[in-house]
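The values are calculated or read from the model by the stated rules, or taken from the named source; none is laboratory data. Because the structure is a prediction, the values reported are computed rather than measured. Every residue, glycine among them, receives a Cβ derived from its backbone with ideal geometry; neighbour counts consider all protein chains shown.
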Amino acid sequence: MAKIQAIRGMNDILPEQTPVWQFVESTVRKVLAQYGYQEIRMPIVEQTDLFKRSIGEVTDIVEKEMYTFEDRNGDSLTLRPEGTAGCVRAAEEHGLLFNQTRRLWYTGPMFRHERPQKGRYRQFHQIGVECFGMSGPDIDAELLILTARLWKELGLAEHTRLEINSIGTSESRKVYRSALVEYLGQFKAELDADSQRRLDTNPLRILDSKDPATRKILEQAPNLDDFLDDESRDHFDRLKALLNAAGVRYSVNPALVRGLDYYGKTVFEWITDSLGAQGTVCAGGRYDGLVEQLGGKPTVAVGFAMGLERLILLLETLNLVPGYVNSDADVYVTAMGDGALAPALVLAEKLRAALPERVIVSHCGGGSFKSQMKKADRSGAKYTVILGENEIANGTAGLKPMRADEPQTEIAQDELASALTKALAN
């Protein structure tokens, strides 16, 4: 019978890989807690209409990439392709936005049926941050300052750069869209296939085309900045002043637009040059109209999402994963003979109570002294505690250094925890 394997583009995260995931997740949690952000957890399945109304029916995500199915009641459901819409739905449904500001964050898997490649998968994990009820550029700046702090905590400050832009209000974008379509229509036959299709559906996305011929045509295209409304321009100018005051370096990219219909005014991306074509590690912007678009009262909002797979790939590519981030044991406790099984388990529990920050692994499954020591070595443990009938009779335990050429010593069991505390501190 053929083995069942994981679905293409949906990867298992194995025990050897999870420590770096836990390191990144715990670092993000710590930074977000410093800024007063609260975690929210939403279902991975939502009504399909939620994404059609938020992302836009003529976007690539809705047209080609969503995992959509009918349940037994005939309802159209979709595995979430992104987190913002679900967060807005949950916050509105449970009254979290009524006459108050909110700073929320979430993490979990997202799903898009696109071609798997390095740093891009069909199931991928995001951390999303969403802020509601704050209209000024100060909250935009806070998000970017927060992210800059996170890069510093992860050692990525010198390997990421910030690009920002303002895409104005929906009204000013309509005027610009008409001018852009009129200009590009003259060169439709020369545009790449994706851009030709987008000319009729989502023309602003043509601005971030990577096709050389299309890029050449765009050099003479109308500039979005020339169509900005006064409110958006003032908001953007104030944001830049705040970033300057905070010492957050950035560049303005006039071609920066986001692929989701709900964005307006501020948009931004954090980019790395160390991952080739998949260079965006964090992206977001303002979406002041989305809450109302999904049936709520008008509520201003801004947020971002970062892909964990890509972030971890960047850390590993640059060899920036700290040495202490691993799944190795600190202490491996062996039991030599059936009579040592219970005493070894009890001793291991005492060590866990005394050394709560350390990983104490008990050997289970029996075996000879040689086989147990092999498993102790494979565990990565720095020290092995050896407990046999003689040690039990004497109230002692053998303590063998595993990563240094030092002799095994006999230590009283009631002194073992303090001896390990000192030894592991070195």
* Asked: How about the stretch 294-317: which of its residues are in a helix (DSSP H, G or I) and crowded, with 16+ Cβ neighbours inside 10 Å?
  -> L308, E309, R310, L311, I312, L313, L314, L315
* Quick one: in the stretch 110-164, which of the residues that are among the aromatic types (F, W, Y) and touching a strand residue (DSSP E or B) at 6+ places or on another chain (Cβ under 7 Å) is farthest from G323 (Cα to Cα)? -> F132
* Structure fact -> M1 passes all but one of the listed conditions (1) among the hydrophobic types (A, V, I, L, M, F, W, C); (2) over 25 Å from G289 (Cβ atoms); (3) in contact (Cβ under 8 Å) with a residue 60 or more places away in the chain; the exception is number (3)
* Structure fact -> When every residue in the stretch 383-412 that is of a type in the set (A, V, I, L, M) and within 40 Å of the chain's Cα centre (by Cα) is compared, the one surrounded by the fewest Cβ atoms within 10 Å (Cβ to Cβ) is A404
* Residue, surrounded by the most Cβ atoms within 10 Å (Cβ to Cβ), within the stretch 157-194, restricted to residues that are assigned to a helix (DSSP H, G or I) and among the small types (G, A, S) -> S172
* Structure fact -> Restricting the stretch 262-281 to residues that are surrounded by 23 or more Cβ atoms within 10 Å (Cβ to Cβ) and under 16 Å from the mean Cα position of the chain (by Cα), the one nearest to L318 (Cα to Cα) turns out to be V281
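Return the residues of the stretch 332-375 that are in a loop (DSSP other than H, G, I, E, B), among the small types (G, A, S) and exposed (fewer than 15 other Cβ atoms within 10 Å of the Cβ); say none if nothing qualifies.
G337, G365, G366, S368
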* Selection status of T214, β-branched (V, I, T), at pLDDT 85 or above and either under 20 Å from E142 (Cβ atoms) or in the same structural domain as I145 (by TED's automatic domain parsing) (or both) -> no
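Answer yes if at least one residue in the stretch 388-407 is in contact with a Pro (Cβ under 6 Å, 6 or more places away or on another chain) and closer than 24 Å to D338 by Cα, and no otherwise.
Yes, the stretch 388-407 contains at least one residue that is in contact with a Pro (Cβ under 6 Å, 6 or more places away or on another chain) and closer than 24 Å to D338 by Cα.
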* From the residues in the stretch 195-213 that are in contact (Cβ under 8 Å) with a residue 24 or more places away in the chain and outside any loop (DSSP other than H, G, I, E, B), which one is surrounded by the most Cβ atoms within 10 Å (Cβ to Cβ)? -> I206
* Asked: Taking R72 and the conditions (1) farther than 23 Å from S54 by Cα; (2) at pLDDT below 95; (3) not acidic (D, E), which numbered condition does it fall short on, given that it satisfies the others?
  -> (2)
* Structure fact -> Over the stretch 45-81, the set of residues exposed (fewer than 15 other Cβ atoms within 10 Å of the Cβ), touching a residue at least 24 places away in the same chain (Cβ under 8 Å) and part of a loop (DSSP other than H, G, I, E, B) is V58, D75
* Just checking, how many residues over the stretch 118-134 are assigned to a strand (DSSP E or B), in contact with a Gly (Cβ under 8 Å, 6 or more places away or on another chain) and closer than 15 Å to L313 by Cα? -> 3
